[in-house]
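Each remark here refers to the structure printed beneath this line.
The values are calculated or read from the model by the stated rules, or taken from the named source; none is laboratory data. Keep in mind the model is a prediction, meaning the values are calculated, not measured. Reconstructed Cβ throughout: ideal geometry from the backbone, glycine too, with neighbour counts over all protein chains shown.
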Amino acid sequence: MIANKSFNLINPLARFVQKTNAQNAPSLRNSSGADLKVKRNVRFTKRNIINKAMNTVVILGTCHEETKNYKAEHIVDIMEGLQPSIIFEELPEEWKADLEFRKKNITGVESKAIITYIQRHPECKVIQYDIQYRNRTLKENNYFEMQKQFNAALEKLYKEGTLTSEDRLRFTHLYDIYKMRDRSLSNDHVRIINSTISDNLIRYKEKLAYNFYRDIVRKYEKLNVFKEFVYFIDRFWKIRNEAMVENVLTALKDKNDDIRSILLCGYEHREILKRLFIKHKNDIEIKEYWEIDVNRK
């Protein structure tokens, strides 16, 4: 059952101005005790602590695909101002995407920006920091097809009037939050995408969605088949983001003092990555791109 039946539809972000406790590290076993098909990066299995002066990492949330107000040129302009020594890219390490591979095979807004910047600054290093075997893990767990089936089954229950009045309210409220997210991704400028308002929206959406999905797959017989899927997407999301942080820390541990790097990540990763990096605030400094002194040599 939902803890609070009263929804503030005018200001849904208000619920997330309060601090929340850090969650425990997720298990790699599902509810029946079987191992999930999730492979961590080898670098993620062993913690490495930075024993040097703090390095600076700028976390830049992106839309993956260009929109009318967020294009590759905006990322390039930000990187030109920052002059990073390292660009962290949201790809698995095994891709090892050199410049020629990138030109032929990777079409996202981040890759377009990286191609332009590296051609101008070949001394800058690009490091892929996503969890190892990301795509293979999603494929082995039939993620995209299961997501499609789950959404269709849930929408059918809603249209048939099978959901209780409380669950209908939760469904429509969550749908409104998704629309807010999609409007932001389609229309907002880079500064808004990388703002506390957007971070709070994503954090609110993640909690709202998981609590709702977890409840309804238990409550409605026609959705019981999706129990393991809902468990998987929650566990993999947490494990993946933790792996990203560990991989960045590992990549920086042997670098010289005062390294400046930029971490390009999808809009929805930004908020959780920032929270996870807080645990390492004595080792690494997280900044917004507009907080950096662009005149520093």
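Figures for the structure shown
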| quantity | calculated |
| --- | --- |
| Residue within the stretch 235-251 that is assigned by TED's automatic domain parsing to the domain that holds ILE59, over 18 Å from the mean Cα position of the chain (by Cα) and in a helix (DSSP H, G or I) present | yes |
| Out of ARG168, ARG134, sole residue that is within 21 Å of VAL230 (Cα to Cα) and over 16 Å from the mean Cα position of the chain (by Cα) | ARG168 |
| Residue in the stretch 272-290 that is part of a helix (DSSP H, G or I), farther than 20 Å from ILE131 by Cβ and touching a residue at least 60 places away in the same chain (Cβ under 8 Å) present | yes |
| Odd one out for VAL225 among (1) part of a helix (DSSP H, G or I); (2) buried (at least 18 other Cβ atoms within 10 Å of the Cβ); (3) at pLDDT 95 or above | (2) |
| Residue check for ARG183: under 17 Å from PHE212 (Cα atoms), assigned to a helix (DSSP H, G or I) and free of Cβ contacts under 8 Å to residues at least 12 places away in the same chain | no |
| One residue from GLU242, GLU206, GLU160 being among the charged types (D, E, K, R) and farther than 21 Å from THR62 by Cβ | GLU160 |
| Every residue from the stretch 239-292 that is charged (D, E, K, R) and under 22 Å from LEU185 (Cβ atoms) | ARG240, GLU268, ARG270, GLU271, LYS274, ARG275, GLU288 |
| Enumeration of residues in the stretch 252-268 that are of a type outside the set (A, V, I, L, M) and assigned to a helix (DSSP H, G or I) | TYR267, GLU268 |
| Candidate set: the stretch 67-120, residues that are surrounded by fewer than 16 Cβ atoms within 10 Å (Cβ to Cβ) and acidic (Asp, Glu); chosen: the one modelled with the lowest pLDDT | ASP98 |
| Unique match (being more than 27 Å from LYS139 (Cα to Cα), part of a helix (DSSP H, G or I), among the charged types (D, E, K, R) and not assigned by TED's automatic domain parsing to the domain that holds GLU66) among ARG203, ARG191 | ARG191 |
| Qualifying positions in the stretch 141-180 - assigned to a helix (DSSP H, G or I) and of a type in the set (A, V, I, L, M) | MET146, ALA152, ALA153, LEU154, LEU157, LEU169, LEU174, ILE177, MET180 |
